[in-house]
Amino acid sequence: MADDETALFREAVKDAKPLKSTRVLLRPKPPRPIPRQSIRDEQQALKDSLSDTYYPADEIESGEELLYLREGHSPDILKKLRRGHWVTQAELDLHGMQVEEARSYTAQFLSECKRKGVRCVRIIHGKGLGSKNREPVLKNKLRGWLIQRDEIIAYCQARRVDGGGGAVLVLLKAA
């Protein structure tokens, strides 16, 4: 029976002519190079945008409490921020980080918030209980870092329920 089927098939295709090969070899495009140096440069620029030695004259002196209002803005903004008028939309926790790591995370966090149009954030810096001499190292660094960013309108120590002396509420410009 198989021989009959084979014979039928050969009879049916005896006048067929092979097609010319139209096979095309497709080569995938090589992947685009990863701009590693550009990425490193951008990360370094973000880190450099937060200097440890910048202390402006317009910072509101209040002892240990962090308070700042950018020049040209109403004092009512700072009052509202202190009272929790704005909903905290994002949070960054710097607990246990070294200064360089915290600086990098802070710069990236603020850039991301700016890109997403986030207005009010909380940054937890801790009270310094685990640091040398039990002093708030990141709290003092954060003060200078935040003032240097143009998108920062105001900041203040968080309310007790939001972290008190171990956190800061930050108001950013609208996108």
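Of all residues in segment 4-48, count the ones that are part of a helix (DSSP H, G or I) and modelled with pLDDT of 65 or more.
19
What number of residues within segment 81-118 are under 14 Å from the mean Cα position of the chain (by Cα) and outside any helix (DSSP H, G or I)?
Here the count works out to 8.
To keep it simple, each residue is scored yes or no on (1) basic (Lys, Arg); (2) under 16 Å from residue 92 (Cα atoms); (3) surrounded by 21 or more Cβ atoms within 10 Å (Cβ to Cβ).
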site: 125; (1), (2), (3): no, yes, yes
site: 148; (1), (2), (3): no, no, no
site: 155; (1), (2), (3): no, yes, yes
site: 160; (1), (2), (3): yes, no, no
site: 169; (1), (2), (3): no, yes, yes
site: 172; (1), (2), (3): no, yes, yes
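Can you name the residue in segment 49-102 that is on the phi > 0 side of the Ramachandran plot and loosely packed, with under 11 Cβ neighbours inside 10 Å and is also modelled with the lowest pLDDT among such residues?
63
Taking the condition closer than 20 Å to residue 76 by Cα, in a helix (DSSP H, G or I) and of a type outside the set (D, E, K, R), does residue 146 pass?
Details: closer than 20 Å to residue 76 by Cα: yes; in a helix (DSSP H, G or I): yes; of a type outside the set (D, E, K, R): yes.
Yes; evaluated as a whole, the condition is true for this residue.
The values are calculated or read from the model by the stated rules, or taken from the named source; none is laboratory data. All values reported here derive from a predicted model rather than from experimental measurement. Note that each Cβ is placed from the backbone with ideal geometry, even for glycine, and that neighbours are counted across all protein chains shown.
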